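Each remark here refers to the structure printed beneath this line.
The values are calculated or read from the model by the stated rules, or taken from the named source; none is laboratory data. This is a predicted model, so every value here is computed, not measured. Here the Cβ positions follow ideal geometry from the backbone for every residue, glycine too, while neighbour counts run over all protein chains shown.
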């Protein structure tokens, strides 16, 4: 790993290294002598030029000779035919595989200033490629990919952003289904996830229907995650080792939102609803009890007003 901690010349901030949402484990099916193509997405929040390359057993980074890959170097782990092709912000790994097995892929993500060959950072990334034989095509085989169909209760779309509250537990359920509805042998057997620190995944996958399966997640964002936007990604794996496309969304952590006294919120609505919340705070040492009434009223007009009032009641002691 190499990091250049000098200020970025265009904004004066420390450089941000490239990132990737590539899953750590990828399953592929092969027939005889198959060329496999694997897309590796990359992103750089500074907008720098980025590239992906195979890690090297001997490379000089920052004037220091380093071994970037140990026993996972491409010359050891992959056939000589393996090559990278750049497609916008995605690098495609093409490799000809002749037999099933497990392959370790060691690569480096690097970023550059435009029109410069000096790297700003070089970040190692390794993932596992699990190769299995193509299914025979019998009536009990399902060669279609499973699908992640929902994230309950909020149903975020791919790459959307959800807001969660610091120190408040957030619970959600990932739901996936098998592709072959009449296949009695296929089921979802694993969910691979990439998640924020501290998020817990349930121990058990449970069926919702004969074709859909679910797993629960819980997370309590901490203070050091406040105002950060963190990514969650999941991939469903079925019993025949077919994997769904990766499903990712973002979680933005903020403080719990509260209305202050005399604060109003306007919105457009044409429904009618009245909600009243009463909260009494403990009596203070001065003999004053505070009663806070919050009333939400929606009328047939296009304006909804939410008003919080504070009533002070003096008691005699």
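So here's what we get for this one:
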{"quantity": "Meets criteria (modelled with pLDDT of 85 or more and either in contact with a helix residue (DSSP H, G or I) (Cβ under 7 Å, 6 or more places away or on another chain) or surrounded by fewer than 16 Cβ atoms within 10 Å (Cβ to Cβ) (or both)) for residue 10", "calculated": "no"}
{"quantity": "Given (1) closer than 24 Å to residue 133 by Cβ; (2) at pLDDT below 85; (3) within 27 Å of the chain's Cα centre (by Cα), number of the condition residue 39 does not satisfy", "calculated": "(2)"}
{"quantity": "Where a residue in the stretch 40-62 is under 16 Å from residue 118 (Cα atoms) and in the same structural domain as residue 72 (by TED's automatic domain parsing) and its partner, wherever it lies, is at pLDDT 90 or above and in a loop (DSSP other than H, G, I, E, B), with Cβ under 6 Å and at least six apart", "calculated": "59/68"}
{"quantity": "Test: residue 92 is part of a strand (DSSP E or B) and either surrounded by 15 or more Cβ atoms within 10 Å (Cβ to Cβ) or modelled with pLDDT under 85 (or both)", "calculated": "no"}
